[in-house]
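Step one of this worksheet: look at the structure below.
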Amino acid sequence: MPSLPTLLRVSAVVSVLAGLAHLVVPNRLLELARWSYDRVLAVQFQPRTGATRRVRLVGLVMVVLAPVLARLAAWLE
């Protein structure tokens with residue numbers, strides 16, 4: 001099993017990648033959510049006003065969190 005610092009470093013990289021996706025293509029992610037809800041859950045998904053802005057905000061938080069995870073990994077080594 002990987003060590004905690006390794007898991008934190010991997011989490012930092014994944015956080016940056018996911019955050020960038022949220023920042024760059026929020027509408028595509030909302031469409032993917034709509035499609036997934038329809039196919040997997042058989043539920044209608046209707047994003048409300050401001051959903052794109054909230055998706056981008058989540059992406060920003062992910063990108064800001066990545067260096068914190070990386071520093072924590074370095075501190076734990």
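Annotations
- Largest mean-square fluctuation among VAL16, VAL61, VAL43, in a Gaussian network model of the chain whose springs join Cα atoms under 10 Å apart, belongs to VAL43.
- Between the labelled values (1) 6.6; (2) 6.2; (3) 5.4, the entry that holds mean projected area of the Cα convex hull in nm² as derived from this structure is (2).
- Using R0 = 30 Å, the C-beta based FRET efficiency linking ALA74 and LEU23 works out to 0.75.
- Spin-label model distance (nm) - GLU31 vs VAL43, 7 Å beyond Cα toward Cβ: 2.3 nm
- Shown here for the chain: trypsin sites (Lys or Arg not before Pro) in loop regions (DSSP other than H, G, I, E, B) with at most 11 other Cβ atoms within 10 Å, namely ARG48.
- Dipole magnitude of the stretch 4-76 about its Cα centre (Cβ charges: Lys, Arg +1; Asp, Glu -1), debye to nearest 20: 140 debye
- Tilt relative to the chain, helix 51-76 - C-alpha long axis, 0 to 90 degrees, to 10: 10 degrees
Only the coordinates and a few stated rules stand behind these numbers; no lab work does. Remember, predicted model here, so these are calculated numbers, not experimental data. No Cβ is skipped: glycine too gets one built from the backbone with ideal geometry, and neighbour counts run over all protein chains shown.
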